[in-house]
Structures are given as C-alpha cells and as structure tokens.
Amino acid sequence: MRRFVPLRSFHTCLIVFAVLVATQGAFSAAPAAVSQTATPSSSVHEIEEFTGVFVADLGTVLFDDTTEHPNGRTLRLKRVRLEPGATPPEEGHSHDGSFVLSVEEGAICYELLSSPPILGTLTARTPQNTSAPAGCAATATDCDDEDGCTLQPGGTVYLPTGSTITQTDTAGHWYRNVDTTNRAVVYLAEDQEGMNAAPCGGGCH
C-alpha cells in the first residue's frame, strides 16, 4: 500500500493561501487587480457563529471583476474552533468556489450535502488506519492513501488531525465535533466567487 503522510494542517492552509495570493488564484489563470487586502493582526478576533463554534478571519484579499469572474473573487484564510460536542445547524451552507480544509486539532465529522447542486469534486485525505467513532456514521472509509477518496453527494467522512478536504468548485457542507471531551480546530483556505470583505459570520465556516 502506498504510504500517505499527512501534512500539518495550518501550514498546509497557510501555504495554499500564500500560493493563491501570489498567483491570483490557483484555480484561475485570469489576471485580476487587488482592490483591498486585510492582513491578520496580532490579536485575532473570533466570532461565535453558533453555540460552541468560533470563526476567525486570518486574512482576506479581494480581486476586482474579470471576464471569467464578473463579480470578482475573495481569497480568505479562516480558522474554525469547535468546542466539545459543538454541532452547527444541520442544513449546513454552500461555498461558491474552491477551498482546502485542514484539521489542525481534534477531529470532525464532515458531510457533503446533496443540495445545492455540486459543481466540483471533493477529495478527502486522512491519516492511515483512520476509523470513525460511533457518533460519526462515515460512508467514506478508504481515504488514507495518497490519492484519498472522492466524496459522493450525501457522503460523510471522519477527519482526525492531519486530514484534508479539497473542493474544486461550488458545493455545500456540514461538519461537527462529535468528541464530547476535546475541541476541534479547522483551517480553511478559500478562493470564493464574489467580493465579500465582511468578517466571518452567518455561515462562513
């Protein structure tokens, strides 16, 4: 079996975010003009989006509209902290673009929603010998080699520390912390459609 060595997730997302900024979006070759840059401060502000779910915007870069992206684009690096047992509303939310999600600490149970329509591909990669606890009814369980596994609509995967999710285009997701003792910390590097400089809140995790 090919051996998969998980990367430290914060550094993974930081590298992804830096590459997105440097190349004006790894998922688009179209040139764009930077209209605003928000750099993280020494004191990161967290917003409690839902009970026990805290989101921090670590950096945002806005790009003006182009032919390929008529509404502009937003690159953003975020951190989501889920306290033990924290469960956002089950309806989840959609991400209109691409992102890399990495688990820095603890573990989450992640579900790819069937609605809205899925335009891209979601690939999950987990450390070797990952097994889901009773609280996470995982349908994707063979994600621990270097190719990972492709999530199907309605599919669920257990993501412990060192795991990643890569999304290539618009899809909806929902995830929660099924551990009632330990917190989970997740980082997301996003390349999203539209220019939205507002801080995280209202379903941006």
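Each value in this text was obtained by applying a stated rule to the coordinates, not by laboratory testing. Remember, predicted model here, so these are calculated numbers, not experimental data. Backbone-built Cβ (ideal geometry, glycine too); neighbour counts: all protein chains shown.
Summary table
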read-out	value
The stretch 100-105 - phi-based ³J(HN,Hα) in whole Hz, Karplus 6.51/-1.76/1.60, Gly and Pro as x	10, 10, 10, 9, 8, 8
Net charge of neighbours whose Cβ lies under 15 Å from the Cβ of residue 151, counting Lys and Arg as +1 and Asp and Glu as -1	-4
Cα gyration tensor category, rounded, prolate or oblate, for the stretch 39-171 with a/c compared to 1.5	oblate
Inter-label distance, nm, simple model (7 Å from Cα along the C-beta direction), residue 71/residue 131	4.5 nm
Cβ-derived FRET efficiency at R0 25 Å, residue 64 paired with residue 121, nearest 0.05	0.35
Linear extension gain, residue 183 paired with residue 48, 0.36 nm per residue minus alpha-carbon span	47.2 nm
Hz values of 3J(HN,Hα) by residue in the stretch 133-142 - Karplus curve (6.51, -1.76, 1.60), Gly and Pro given as x	x, 4, x, 10, 7, 6, 9, 9, 10, 10
Charge context of residue 192, other residues only, Cβ under 12 angstrom, K/R +1, D/E -1	-2
Label zone at residue 91 (point 7 Å along Cα-to-Cβ), backbone N below 18 Å, the stretch 150-176	171-176
